[in-house]
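Comments concern the structure below.
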Amino acid sequence: MPVVVIANPKGGVGKSTLATNVAGYFAAQGQAVMLGDIDRQQSSKLWLGLRPVQARPISTWDAGGEHGVKPPKGTSHVVLDTPAGLHGKRLTEVLKIADKVIVPLQPSIFDIYATRAFLDELAEHRKASSVHIGIVGMRVDARTLAAEHLHEFIASLDLPILGYLRDTQNYVHLAARGLSVFDVAPSRVEKDLGQWRGICDWLWR
């Protein structure tokens, strides 16, 4: 049962957007997927509450229980949305169950510097485990200097870049209805689906 963790200690980088769309992708592939949320804001849990009954099912995982983070039974894939400030013992606990970790990163010098130490911490955990780590650029306009700086930063790391997602209202409008880009007609989100190809391929490796 693969467990995909979405993590970055900085808030507002798009963790919930990434988590809900990864869950939406697995559901679109016919998988029995659960979406857990240990962020205090509970954005992913809110998204699940907005999800229409006719959409492909995604179950709720109460991952913040008193017994700690444990993957649930009776499912094929798990996605876990994590809070800002995740580090130390709590990060170690989450990484124990993780098969894959996706780090969303925005093209901002503040986001880059705030995430560097976290990426170094993940690299140390990777040495002692088989967890796979990848980075997704969030809200990226490839024409900007900020995007160029982000690309240069990621290129300096020993981690794969899975893709760059553009800054579009598609994610905002779909989230308000409990949907992902994988829940609507492909023609409506064709450009976005193209940006997800590398991420989706990596999820199955």
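Here are some notes:
- When each of R116, R126, R139 is tested for being farther than 23 Å from Y25 by Cβ, of a type in the set (K, R) and at pLDDT 85 or above, the lone residue that passes is R116.
- Hits in the stretch 82-106 (condition: part of a strand (DSSP E or B) and either among the hydroxyl-bearing types (S, T, Y) or under 18 Å from A32 (Cβ atoms) (or both)): K100
- Taken over the stretch 3-47, the criterion of being touching a residue at least 40 places away in the same chain (Cβ under 8 Å), over 14 Å from the mean Cα position of the chain (by Cα) and surrounded by fewer than 20 Cβ atoms within 10 Å (Cβ to Cβ) is satisfied by A28, Q31, A32, R40, Q41.
- In the stretch 162-191, the residue that is nearest to I58 (Cα to Cα) out of those that are β-branched (V, I, T) and free of Cβ contacts under 8 Å to residues at least 60 places away in the same chain is V184.
- A search for C-beta distances below 8 Å between a residue of the stretch 85-99 that is more than 13 Å from I133 (Cβ to Cβ) and any residue that is assigned to a helix (DSSP H, G or I) and not aromatic (F, W, Y), counting only pairs 6+ apart in sequence or on different chains, returns L86/V94; H87/E121; T92/H125.
- Residue check for T92: over 22 Å from V3 (Cα atoms) and surrounded by fewer than 18 Cβ atoms within 10 Å (Cβ to Cβ): no
- Entirely in the stretch 132-205, the helices (runs of 4 or more DSSP H) that have 2 or more residues that are touching a Gly at 6+ places or on another chain (Cβ under 6 Å), more than 22 Å from I109 (Cβ to Cβ) and not hydroxyl-bearing (S, T, Y): 190-203
Residue-wise test of (1) under 14 Å from K15 (Cβ atoms); (2) acidic (D, E); (3) within 17 Å of the chain's Cα centre (by Cα).
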position	(1), (2), (3)
V101	yes, no, yes
L122	no, no, yes
T144	no, no, no
D167	no, yes, yes
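- Cβ-Cβ distances below 7 Å connect the following pairs, each with a first residue in the stretch 61-80 that is outside any loop (DSSP other than H, G, I, E, B) and hydrophobic (A, V, I, L, M, F, W, C), a second residue that is at pLDDT below 75 and buried (at least 17 other Cβ atoms within 10 Å of the Cβ), and a separation of six or more residues or different chains: V78/P71; L80/A63.
- Residues being outside any loop (DSSP other than H, G, I, E, B) and either under 14 Å from the mean Cα position of the chain (by Cα) or not polar (S, T, N, Q) (or both) - total across the stretch 48-60: 3
The values are calculated or read from the model by the stated rules, or taken from the named source; none is laboratory data. Predicted model, so just to flag it, every value in this text is computed and none were measured. Neighbour counts run over all protein chains shown; Cβ positions are idealised from the backbone, glycine included.
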